[in-house]
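Structure record follows, encoded as structure tokens.
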Amino acid sequence: MFRNKVLKGVFLVGFGATSYGMLATFVKLAYSDTSSQGLHYTPAEVITAQFVLGIIVIFIITLFQNKKSGNRVAKASSSDIKKLMLVGTSTGLTSIFYYLAVKYIPVSIGIVLLMQTVWMGVFLEMILDKRMPSKIKLLSVIIILFGTVLATNLFFNKVELDWRGILLGLLAAASFTTTMYAANKVALSISSAQRSLYMLLGGAVIVLLFAFLTQKTPFNFDIFYKWGILIALFGTIIPPMLLNAGFPLTGIGLGSIVSALELPVSVTMAFVLLNETVLLSQWIGIVLIIMAIVIMNVNFQKK
């Protein structure tokens, strides 16, 4: 029974991470597409469509769960809702920073920058918990940083990367680190659908404000059916639902290892669909980052 639960968790986390790994490629394809007005879609249009459609679908799922389970579903208190919406603002910021980043840099570089959440999480824990990380974690951080240098092709890149994309990618990682740290501590007693819904509502506030301030042309509403459904599915519906359901079954350690699938999937998608150049040295860097995540989450002490 235990083994079946763990395997189920591995499948859920793996599929959720794989889905999220495909997201940036779809966003990049949406940017290159044109609307019925002959204009390219903007980040504000893409992100707004993703969050609006995501909220609608998650809301329907929540209603269905409540109706099916009746009083057995734990209801979110007003305090839970406020905390989840506050955490959700960082979810909105992550999408904004990440989607802006891939406008300036390749997807294969953007995902590597987003994966800096691993060492940022170690740093955040050190500050908040006031405890030095273990030698294993420090070793993992060093491997990640070296792997990042290789994966972003800093040594051999003849084309200078846009500093705006690098900065935005690191900001996305910092925001995502905040989301992951806070989400694992807030309102754990309610269903994953409810948690996802209220976090999306919090993120939507930030996203709509961003759209209002940055959208200079008339809003292209055809983004909702041309790309919005696909991006919402792989960005705000499948990943949070599956990751929230899978992590309790795998545990943080195994779940973190499996979720590292997001990195090679994202790079492979960019290589196949966007024809981005990915050198052998970059693949070596990606392998090093994944290896560091494994080292960080494996218990080497015999029980």
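Remark on the chain: hydrodynamic radius 19.9 angstrom, per the Kirkwood mean of 1/r across alpha carbon pairs.
Since only LEU113, PHE146, ALA183 are under comparison, the one whose Cα sits farthest along the positive direction of the charge dipole of the chain, derived from C-beta charges on Lys, Arg, Asp and Glu, is ALA183. When the trypsin sites (Lys or Arg not before Pro) in segment 136-228 are filtered for DSSP coil states and for at most 13 other beta-carbon atoms within 10 Å of their beta-carbon, the remaining sites are LYS158, LYS185, LYS216.
Of the accessible area of the chain, computed with a 1.4 Å probe over protein heavy atoms only, carbon and sulfur atoms account for 71 percent. Over all other residues within a Cβ to Cβ distance under 15 Å of ILE111, the charged ones net out to 0, with Lys and Arg as +1 and Asp and Glu as -1.
For the chain, complete DSSP H runs whose alpha carbons reach 15 Å or more along their own long axis and whose mean Kyte-Doolittle score is 1.0 or higher are 43-69, 117-129, 135-151, 163-183, 192-214, 238-259, 262-273, 280-297. Think of segment 1-120 as having a plus end and a minus end, set by charges on the Cβ of Lys, Arg, Asp and Glu; of VAL27, LEU100, PHE59, PHE59 sits farthest toward the positive end of this dipole.
When Rg and the Kirkwood Rh are both derived from Cα coordinates, the Rg/Rh ratio for segment 19-77 amounts to 1.20. The sum of -39500 (n - 2.57) across all DSSP H runs of n ≥ 4, divided by the residue count of the chain, sets its helix-only mean residue ellipticity at 222 nm to -25000 deg cm²/dmol.
Taking every alpha-carbon pair under 8 Å whose residues sit at least 6 apart, the chain reaches a relative contact order of 43 percent. Look at the Cα gyration tensor of segment 29-181: its axes a ≥ b ≥ c give a/c of at least 1.5 with a/b at or below b/c, and that counts as oblate. Between segment 104-172 and segment 35-55, the C-alpha centres lie 29 angstrom from each other. Per residue, the chain exposes an accessible area of 51 Å² to a 1.4 Å probe, with every protein chain left in place.
The values are calculated or read from the model by the stated rules, or taken from the named source; none is laboratory data. Note that the structure is predicted; figures quoted are calculated from it, not measured. Because the Cβ atoms are built from the backbone with ideal geometry, glycine has one as well, and the counts that use them run over all protein chains shown. In case anyone asks, the SASA skips ligands and DNA or RNA and just uses the protein heavy atoms, side chains included. Shrake-Rupley method; radii C 1.70, N 1.55, O 1.52, S 1.80 Å.
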